[in-house]
Each structure stands twice: as structure tokens, then as C-alpha cells.
């Protein structure tokens, strides 16, 4: 290794140092190495550049030592060097606020220099620390290059120690956090387990011994029950639109159960009414294919009493006795027309044998002859007169 | 039991007996207005007041002495509200 005998401040370096003592920032910019031979006449304090500079080298690191000096670290490499040279001189450069970049300090090895070979078989990568004076300058910086970084063992050791410390710290924090989370999860799991164990229904033929309000129990019949605080009650389910769990509706819909409307009636669409439906005919004991027709009004009364005595009726509002053997049957609700069929039978004439008939022509000018949608007038008599009957049955078919 | 006696246009009298089913949906006056011929005067009387054994042809009421309780209406049908009540009673 070359033997440099310390650094010497140039005159410009001294001036800049003086500025730095009064607050100016002392910024080191780069390192130069060269192979210049100094003569006995060479005054290093008056140099403004190396005598023969060969390489410009960036500063890798700067550290204020604390004894009025600063350590500058740079790397000597022959990468890209086309011609080898003896490294005899080192120049430290800094930024003067008034002059720009100046040669701050120099070091000279003279004939104790090292040879830096050209780039080829031999690779040179040397980390060099050089110290120079900064006195009491407070603001000392350097232009640090990150193009080439070579670490010393001490750097690596320090970095390793820092990593170990950081790793230990991180591990400690992570372990602490994991322990806390584990404890929280265990607490939560324990709480949930307690809640689930108390909420879940118990099944069995006998009621659970552990009881509290809201406790659920599936009994021997698989009925879900709950404890209301004093006794076990059956759970009732309110399905707003269902009947025993099946969907219900007032509107005829497939796979639904009909429900009555506000008037208590079920919509006609639910039922399929068919004229002379076989089931209806069977219910009425009407066998065979002949259709059935309904009796629209009927009455059974005694015409011999005064007034007539009505035994029973259907769709008849009143019986009028117009005279002996002369009656009018008034319908409660009118027939669709007057083309209905009248069926009459009677028993027990008081006198003689009377023939029943519908009165349509006697005394038409003065007495109403009725064969209308709302009433029918009937009479009993023969050529010798008329008479009342005891049991008179009248039926209207349409 | 109340019945109705009305005077026909030929000055004869008739006896009108309401059925029980009609009395469930209408008053005897409403029945009389429907079933008594239009414009004919009628009286509502208790059946016990009728003399037994006397034919209807023998009945006579002096309108001047006994003003009628009403006259037969123009329609021989009940008002819609009574028919609706009747049909509802019959399950319609």
C-alpha cells in the first residue's frame, strides 16, 4: 500500500475552512488520484489541482471523527482503466461558495506509491479512507456517490449487529402481538363456547335441568319448546300468508290454499262449477244422463183456514186468498221470465172434486190475472163452482 | 200473527199471509207494498181478529171509517237491498 504522509490543506482549502468556521457549509465533492511527481519546488498549499490527475473517484462515505478531522471513504478501481499508473498523489475537492469546486487538500506518496494496473486480468478494488482537517466546522457534508459501494468488515459487522438488533426487536414485538392475539382469540372462543352451550337447544325426553328464560328444548316428540321463566311453552310460529306452513292466498293460484276474503267468502275461481256435474247429480240421487233442473219456488199451505195457513215455503213472500179456491202465490225473488212450469197437487177438498188450474182468464177486466215473473194465481173448482183445499202444494220449475 | 187485508179494484177483498222466510228479511208492510196490487188500499191486522168460518167474499172494510195502512206499490219485487239480504240468507 502506498505510504501517504498525511494530507496538506491548500491555501484555498484553508480559506474555505475559515468560511466553514463561520457557518458556511463544507461540502466535499470528490477525490482525484494521480501520478504527478512533485519537485522540491512544488508547494502543495498553492496547488489548485493535482499535478497529473488520472482518476476521478466519487466519495462513498463521510464521517466526522470528532477530533477536528473528517474521514472520507472512496474506492480505487481499475475498471475501464486503459493504462496503469503509480498512485502518487490524492486530491480532496470541495465546494467553495465563492470559487466553486476547489482542491481542498492533497496527499503525496512520492516514490512510495502503489501501481494501479490497467483493466485486464488483475482487478483492483480498494477501499481507502483518507482523513483531513475540518477544525470546528459545524456543517460538513459530502457528495456521496451510490454508483459503487464497497463495505468494510467493520461496516458489515455493524450492519450485521444492527440487523441482529432489529431482528430481535421485530421478533420480540411480533411474538408479543401474536401472544396478545392468541389470548384474545382464546377469550373469544371461550365466550362463544359458553354462549353456544347455553343457547343451543337441548334434546331429550325430560326437560333440561338448566333453565333460564328463553332456554330451548327439543322434547321427546321433537317439538321445539322454550322456557318462559316459569314453565316450558310450545313455540308458535306466525306465518302471515300460510296455513299450517302451506302458502295461502285469496287469489286462485296453483299449489295454494284458499283463504276467505274480508266478507268471509272464497273467490269463485277456486271452484270449478260445471252444469250437471256428475258429482252434483250423484249428491242429488239423480242417476243417468238426463240433466237436472231446479225448483225455483214452492209452498205448502192450507187454503181452508182464514187466513190461509202456510206450512212451509221457499222463495215465496206471501199467499193471497182472493176468494174461495182462489189464491195468489207471490215470489220473494222474481223468476227470470214467465215461462216457468207450475206443478200443483191438492188433497181434501171441503166440498166436491176440484180441478186445479192457473187462473188466466176469469174477470180479467177487474181482477188481476196473474201469471207473471213475480206471482202466479191459481184456483180450484169445476163447472159448478170453486172450493178451498186443505193441503195445497205448488212448485215452480224453470 | 199479522196478516194483510186489501181491497181489489173490483171492490172485493183479499187476505194476504206473509211467509216466515219473507218476514225474516222484510217487514209485513214491505211485503204488503210488494204483493198487494198497485194502488189497492190495505190494512194490517192480527189474524185473531178475523171471524172464523166467514168466507173471504164476506169481508168488508169501510175505508172512511178505517183509513188504510198503505197502498200496493207499483213494483211487485222487493228493493235490491232486501233481495240481497234474502239471497245471502239462502247462501247466495
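The values are calculated or read from the model by the stated rules, or taken from the named source; none is laboratory data. Quantities reported herein were computed from a predicted structural model and do not represent experimental measurements. Here the Cβ positions follow ideal geometry from the backbone for every residue, glycine too, while neighbour counts run over all protein chains shown.
Working only within segment A:188-210, note down all residues that are outside any helix (DSSP H, G or I) and modelled with pLDDT of 85 or more. Let's see the steps before the verdict.
Of all residues in segment A:188-210, those outside any helix (DSSP H, G or I) come to A:200-210.
Of everything in segment A:188-210, those that are outside any helix (DSSP H, G or I) and modelled with pLDDT of 85 or more turn out to be A:202, A:203, A:204, A:205, A:206, A:207, A:208, A:209.
Report yes if residue A:160 is at pLDDT below 90 and on the phi < 0 side of the Ramachandran plot, otherwise no. Can you show your working first?
Working: at pLDDT below 90: no; on the phi < 0 side of the Ramachandran plot: yes.
The answer is no for residue A:160.
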Item checked: Residue that is surrounded by the most Cβ atoms within 10 Å (Cβ to Cβ), among those in segment A:305-314 that are facing another protein chain (nearest Cβ under 8 Å) and at pLDDT 90 or above -> A:307
Checklist line | Test for residue A:238: is it at pLDDT 85 or above and over 30 Å from residue A:293 (Cβ atoms) | finding: no
Check: Would you pick out the residues in segment A:272-283 that are under 19 Å from residue B:91 (Cβ atoms) and surrounded by 10 or more Cβ atoms within 10 Å (Cβ to Cβ)?
Finding: A:277, A:280
Notebook entry, point to check: Quick check: is even one residue across segment B:35-52 at the interface with another protein chain (Cβ under 9 Å from one of its Cβ atoms), crowded, with 16+ Cβ neighbours inside 10 Å and modelled with pLDDT under 90?
Noted result: yes
Check: Condition test on residue A:302, is it more than 8 Å from chain B (Cβ to nearest Cβ), touching a strand residue (DSSP E or B) at 6+ places or on another chain (Cβ under 9 Å) and under 20 Å from residue B:22 (Cβ atoms)?
Finding: yes
Check: Considering only segment B:62-76, how many residues are out of contact with any helix residue (DSSP H, G or I) (no Cβ under 8 Å at 6 or more places or on another chain) and surrounded by fewer than 16 Cβ atoms within 10 Å (Cβ to Cβ)?
Finding: 7
Checklist line | Residue within segment B:11-25 that is facing another protein chain (nearest Cβ under 10 Å), within 17 Å of residue B:62 (Cβ to Cβ) and surrounded by fewer than 17 Cβ atoms within 10 Å (Cβ to Cβ) present | finding: yes
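Give the number of residues within segment A:115-134 that are in a loop (DSSP other than H, G, I, E, B) and surrounded by 12 or more Cβ atoms within 10 Å (Cβ to Cβ).
First, pick out the residues of segment A:115-134 that are in a loop (DSSP other than H, G, I, E, B): A:117-124, A:134.
Still in the list and also surrounded by 12 or more Cβ atoms within 10 Å (Cβ to Cβ): A:117-119, A:124, A:134.
Total satisfying the criteria: 5.
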Check: Within segment B:73-91, which residues are more than 10 Å from chain A (Cβ to nearest Cβ) and under 15 Å from the mean Cα position of the chain (by Cα)?
Finding: B:73, B:74
Margin query: If a residue must be more than 25 Å from residue A:253 (Cα to Cα) and either modelled with pLDDT under 80 or part of a loop (DSSP other than H, G, I, E, B) (or both), how many such residues does segment A:265-291 contain?
Written below: 9
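Being farther than 12 Å from residue A:33 by Cβ and out of contact with any helix residue (DSSP H, G or I) (no Cβ under 7 Å at 6 or more places or on another chain) narrows it down to one of A:92, A:59, so name that one. Lay out the reasoning, then the answer.
On the way: A:92 fails: farther than 12 Å from residue A:33 by Cβ.
Checking each option against the conditions leaves just A:59.
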Margin query: Whether any residue in segment B:72-90 is outside any loop (DSSP other than H, G, I, E, B) and closer than 21 Å to residue A:302 by Cβ is what I want to check.
Written below: no
Next item on the list: Can you give me the number of residues within segment A:30-56 that are crowded, with 20+ Cβ neighbours inside 10 Å and touching a helix residue (DSSP H, G or I) at 6+ places or on another chain (Cβ under 6 Å)?
Entry: 0
Note to self: I'd like the residue in segment B:1-42 that is more than 8 Å from the chain's Cα centre (by Cα) and in a strand (DSSP E or B) and, out of all such residues, is farthest from residue A:303 (Cα to Cα).
What the structure shows: B:41
